[in-house]
Amino acid sequence: MTTSTRMDDVFAAIAAPSRRAMLAMLAKKETPVMELAESFDMTLSAVSQHLTVLRQAGLVNQRKQGKQRIYSLNPEPLRLVEEWLTFYEPFWAGRLSQLGQYLDEAPHQSDDKEP
C-alpha cells in the first residue's frame, strides 16, 4: 500500500465524528466492543462497521479475550496526518502574520460613532 493510499484511508476513517469519538475513548484505555457500543446511539452492527473502518486504516487493534473483542488505539497512522498538517504550517503562520500586520495598520473605528 502506498503512503498516499494509506493517508487517504486514515483521512477517510477520521472523517466521521463517531469514529473520532471512538478513537478518543480508545486513547484512554482498551475497550470491549460492547462497552464502546453502550457509549453511542447506534446499533452494535453500526459500531462494528465503524471499528472495521478504523481497523482497516490501521488506527485500532483488535484482540479476542474469551468471547469478547477488545479494541485498542494504534496512533501510528495519525503521524501521516500530522506530517501533512505540518507541511502547511508555514502557510498558515504567514497568513496569520499578514492578518496581524493588516489589523495593526488598519484605521480603527470608534464603537461609539453613529452611522
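Keeping to region 63-78, report how many residues are closer than 26 Å to residue 6 by Cβ and touching a residue at least 12 places away in the same chain (Cβ under 8 Å).
Within region 63-78, residues that are closer than 26 Å to residue 6 by Cβ and touching a residue at least 12 places away in the same chain (Cβ under 8 Å) number 10.
Within region 62-74, can you find the residues that are farther than 12 Å from residue 29 by Cα and not basic (Lys, Arg)?
Of everything in region 62-74, those that are farther than 12 Å from residue 29 by Cα and not basic (Lys, Arg) turn out to be 62, 65, 66, 68.
Please indicate, with yes or no, whether at least one residue in region 71-88 is small (Gly, Ala, Ser) and modelled with pLDDT of 75 or more.
Yes: one or more hits.
Restricting attention to region 1-34, and to residues there that are charged (D, E, K, R) and more than 14 Å from residue 60 (Cβ to Cβ), which single residue is modelled with the highest pLDDT?
8
Considering region 26-62 alone, what residues qualify as being among the aliphatic types (A, V, I, L, M) and either over 19 Å from residue 6 (Cβ atoms) or free of Cβ contacts under 8 Å to residues at least 12 places away in the same chain (or both)?
Those that are among the aliphatic types (A, V, I, L, M) and either over 19 Å from residue 6 (Cβ atoms) or free of Cβ contacts under 8 Å to residues at least 12 places away in the same chain (or both): 26, 27, 33, 34, 36, 37, 42, 44, 46, 47.
The values are calculated or read from the model by the stated rules, or taken from the named source; none is laboratory data. The shown structure was predicted, so the numbers you read here are calculated from the model rather than taken from an experiment. Note: ideal-geometry Cβ built from the backbone for every residue, glycine included; neighbour counts use all protein chains shown.
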